[in-house]
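Before any comments, here is the structure.
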Amino acid sequence: MTMLMKGSQTSVGVIGAGPAGLMAAEVLVQGGVRVDVYDRMPSVGRKLLMAGKGGLNITHTEQRDAFLARYGSGRAHIETIVSQFDADAVRTWVHGLGIRTFVGTSGRVFPDEMKAAPLLRAWLRRLRETGVKIHVRHRWCGWEDDGAVGFETPHGRHTERHDAVVLALGGASWPQLGSDGDWTHLLQARGVTVSNLRPSNCGFDIDWSDHFRTRFNGQPVKAVTASFVDHTGATQRKQGEFVVTTSGVEGGLIYGLSAMLRDRIEASGTAALELDLAPGRDLSRLRDALAHPRGSRSLSSHIQSRTGIKGVKMGLLREVLGAEHIADAQRLASAMKALPLRLVRPRPIAEAISTAGGVAFESMDKNLMLGSLPGVFCAGEMLDWEAPTGGYLLNACLATGRAAGSGVLERLSSRDAS
């Protein structure tokens, strides 16, 4: 790590106190720089805390190539950055905060206590002890004519001058937690290329009938396999579960395919997702089971006893096939193995877990400094990359924050040397 001379009055402002911003601040203060962190909210790390409520995915133990493949089309831009702060490095860093971790059965890495709050508390304590100053209720509103950064605060307009600035402003998902994407016009006005922000790890709308949405809203659909034919013609399959909503579907299984589904809808207007409601049972066995005489039993009881399909899965079959085709054993068995769902639109970006789009990597150098704004660096979810849930999001936010902080130190060191 580049280290500036002790006693240096060099000052860096970090705007955004999520994981990327806090990591940039940590690297900078360790490099001998005076660091001020600004955040628009009354407290920091709100999205991190919310994401960790059900168990904080810190990173993932997948093999390197499989891990990096999770970044999809953004892999080429982010591969080197993530490789320099990979899953092992992230776990070592977390352990350095006094937080123990474990690997779940899925390969995901969690803190022992599962929640994000203990990790965030330990991190903030270390940052403050090393001299980082954190200013809340500071909403960044661009630059003044003299180059100072401006903030709206409860006490009015406030400006600060820094030798460099790291922007870690997040995307546009969960705006109530501090990221609403309103920074895009400020950067575009300065000549920065920003791709449109789009929902990622999101749910999708389906035109359910009134009966189905009323009867099954909130019901989990477990132990299914979803298939989708991507733009190359390859079939992508994922097994897991999702939830029926009044507007459509959401949940882990859907999130894992959301980037491809969203892109297909943007290109074609809709996306076709196929569900295998009975993974592990082949089509011929299902046909034979359904062809068995049902005697005096109702059709629903017969289907449940012969195939195990009931509840919301049965509701899905009736919704898609229609009541007139449920009694057709051949058609019903085929639908159980490949039930088509027509997705018509992604849910709004404010409801998404994360954001796609953002600052184009072509607008930055290898250290994440903006070409049109020398001395201004970007990090985190505001960059144009996306990844599924499971630790990949947080790992890349931390890695890009670290890269931006290191880039600032390199620039300042070169400036002082000259």
Exercise. Hey, quick one: spin label on VAL103, modelled 7 Å out along Cα-Cβ, who in the range 72-89 has an amide N within reach, i.e. under 14 Å?
Worked result: 87-89
Exercise. Taking springs between alpha-carbon atoms closer than 10 angstrom, which of ARG262, ARG402, ARG297 fluctuates most in the Gaussian network model of the chain?
Worked result: ARG297
Problem set entry | Cα gyration tensor shape of the range 5-64, rounded if a/c is under 1.5, else prolate or oblate by comparing a/b with b/c | oblate
Problem set entry | Sum of side-chain charges, PRO346 neighbourhood, beta-carbon under 15 Å (Lys, Arg +1; Asp, Glu -1) | -1
Exercise. How much length is gained if the chain between LYS238 and ASN367 is pulled fully straight, taking 0.36 nm per residue apart and subtracting their Cα-Cα distance, in nm to one decimal?
Worked result: 42.9 nm
For this session: Round to the nearest 0.05 the FRET efficiency obtained for SER268 and SER414 when R0 = 60 Å and r is the Cβ-Cβ distance.
Result: 0.80
For this session: Could you grab the relative contact order for the chain? Cα pairs under 8 Å, six or more apart, rounded to a whole percent.
Result: 25 percent
Problem set entry | Structure-based [θ]222 nm, the chain - -39500 (n - 2.57) summed over DSSP H runs of at least 4, per residue, nearest 500 | -10500 deg cm²/dmol
Seminar exercise, completed: Between SER284 and ALA350, the two model label points (7 Å from Cα along the beta-carbon direction) sit apart by a distance in nm of 5.4 nm
For this session: Calculate the dipole size of the range 204-346 relative to its Cα centre from +1 charges on Lys and Arg beta carbons and -1 charges on Asp and Glu beta carbons; express the result in debye to the nearest 20.
Result: 560 debye
Problem set entry | Pair VAL320, GLN63: separation of 7 Å Cα→Cβ label points (nm) | 3.3 nm
Seminar exercise, completed: Neighbour-count ranking for GLU26, GLU324 (other C-beta within 10 angstrom, fewest to most) reads GLU324, GLU26
Problem set entry | Percent of C-alpha pairs per 10 Å bin, the range 204-346, short to long | 12, 42, 34, 11, 2
Exercise. How high is the relative contact order of the range 207-277, in percent, counting Cα pairs under 8 Å that sit 6 or more residues apart?
Worked result: 33 percent
For this session: Rank these for me by crowding, ILE326, ILE58, going from fewest to most other beta carbons within 10 Å.
Result: ILE326, ILE58
Seminar exercise, completed: Full extension between THR80 and ALA291 adds, at 0.36 nm per residue less the Cα distance, a length in nm of 70.3 nm
Exercise. Hey, fewest Cβ within 10 Å first, where do ARG237, ARG34 land in order?
Worked result: ARG237, ARG34
Exercise. For ASN201, what is the net charge nearby, where nearby means another residue's Cβ is under 15 Å from its Cβ and Lys, Arg count +1, Asp, Glu -1?
Worked result: +2
Exercise. Hey, with R₀ at 41 Å, roughly what FRET efficiency would GLN304 and ASP230 work out to, going by the Cβ-Cβ distance, to 0.05?
Worked result: 0.75
Exercise. Tell me, what is the FRET efficiency for ALA223 and ALA117 to the nearest 0.05, using R0 = 51 angstrom and their Cβ-Cβ distance as r?
Worked result: 0.95
Seminar exercise, completed: Placing one equal point scatterer on each C-alpha of the chain and summing with Debye, one gets log10 I(q)/I(0) at q = 0.07, 0.11 Å⁻¹ equal to -0.40, -0.84
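The numbers here are math on the coordinates, done by the rules we state, and not lab data. Please read these numbers as outputs of a predicted model, since none were measured by experiment. Positions of Cβ are backbone-derived with ideal geometry, glycine not excepted, and every protein chain shown enters the neighbour counts.
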